[in-house]
Amino acid sequence: MSEKLPMTVELEPGTYYWCSCGKSKKEPFCDGSHQGTTSVPVEFVMNEKKKVSLCTCRRTKKAPYCDGTHAKVD
């Protein structure tokens, strides 16, 4: 099983940017480490305060949210 388990966080309303490159030191959020690569962060908006599970394995088909794919990879 992958060691990249989802990160569950409680987010306030607002706009967030999910790291799609895996280089961010603020994972699961973008810190600009993708500069100079073809990766771009995924913008998502929270309309209300809510607890969510964000993907850290980068294989989800529902970015930025975990879809359980990490459990299916070696």
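Miscellaneous remarks
- Cut-off 9 Å between beta-carbons: net charge of the residues surrounding GLY22, Lys and Arg +1, Asp and Glu -1: +2
- Environment charge at GLY32 (Cβ cut-off 11 Å; Lys +1, Arg +1, Asp -1, Glu -1): +2
- Within the shell of other residues whose beta carbon sits under 15 angstrom from the beta carbon of THR60, the net charge comes to +4, with Lys and Arg scored +1 and Asp and Glu -1.
- Full extension of the chain between LYS49 and LEU11 yields a length gain of 13.1 nm, computed as 0.36 nm times the residue separation minus the alpha carbon distance.
- Looking at the chain, the accessible area is 67 square angstrom per residue; that uses a 1.4 Å probe and ignores ligands, DNA and RNA.
- Magnitude of the charge dipole for the chain, about its Cα centre and with charges confined to Cβ atoms of Lys, Arg (+1) and Asp, Glu (-1), is about 160 debye.
The values are calculated or read from the model by the stated rules, or taken from the named source; none is laboratory data. Keep in mind the model is a prediction, meaning the values are calculated, not measured. Using ideal geometry, Cβ is built from the backbone for each residue, glycine included, and neighbour counts are taken over all protein chains shown. With ligands, DNA and RNA removed, areas are computed over all heavy atoms of the protein, side chains included. Shrake-Rupley method; radii C 1.70, N 1.55, O 1.52, S 1.80 Å.
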